[in-house]
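The values are calculated or read from the model by the stated rules, or taken from the named source; none is laboratory data. This is a predicted model, so every value here is computed, not measured. Cβ placement follows ideal geometry from the backbone for every residue including glycine, while neighbour counts extend to all protein chains displayed.
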Amino acid sequence: MRQITKEDLEKALQILSQLSHSGGDKDTDKLRDVLDAILKDSNYYLNVCEDNGNVIGTSMLYIQHNLSHEGRPRGHIENVVVDRNYRSRGIGRLLLDDLLRRAKERDCYKVILHCRPENIGFYEKSGFRKTGEVEMRVDL
């Protein structure tokens, strides 16, 4: 497991497409710019997992600072995805555990994530629990 590099972008996007139903072509140039910004921001951890040099998983943690909770940040996990050919081998757990370790190192008071109903069990095994909070959003 290691931090993503610009050379990993294409494979990471292939893996992320297994999670997303957005479809369509990706603007790779724009995503290269986004990745460049992420790599320069110390509040992001964007990792890949490899098998013999082949990227097989991704995970991301964002550290969000705030003025409540005595100024302690919270972590937000997204894009924990393992290539479908490598699932059920503990790779997702390794990716998730690394992000949780980093959140503790950064003194986060909590870590949040959103997941599909079929993935709830995976996250509960790592200590996450449903909070009863209502997710709200507006698509822009």
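Is it the case that segment 90-101 has a residue that's in contact with a Gly (Cβ under 7 Å, 6 or more places away or on another chain), of a type in the set (A, V, I, L, M, F, W, C), part of a strand (DSSP E or B) and buried (at least 18 other Cβ atoms within 10 Å of the Cβ)? No, segment 90-101 has no match at all. When each of VAL55, VAL48, VAL111 is tested for being aliphatic (A, V, I, L, M), touching a Ser or Thr at 6+ places or on another chain (Cβ under 7 Å) and assigned to a strand (DSSP E or B), the lone residue that passes is VAL48. Does LYS11 fit the bill of being surrounded by fewer than 15 Cβ atoms within 10 Å (Cβ to Cβ) and farther than 20 Å from PHE122 by Cβ? For LYS11, the condition - surrounded by fewer than 15 Cβ atoms within 10 Å (Cβ to Cβ) and farther than 20 Å from PHE122 by Cβ - is not met. Out of segment 20-45, which residues are surrounded by 13 or more Cβ atoms within 10 Å (Cβ to Cβ), of a type in the set (A, V, I, L, M) and at pLDDT 90 or above? Passing the criteria: LEU35, ILE38, LEU39. Scoring LEU140 on the criteria (1) at pLDDT below 95; (2) closer than 19 Å to ASN47 by Cβ leaves a single failure, condition (2).
When LEU100, LEU96 are checked against the criterion of being within 12 Å of the chain's Cα centre (by Cα) and within 20 Å of SER17 (Cα to Cα), LEU96 stands alone in meeting it.
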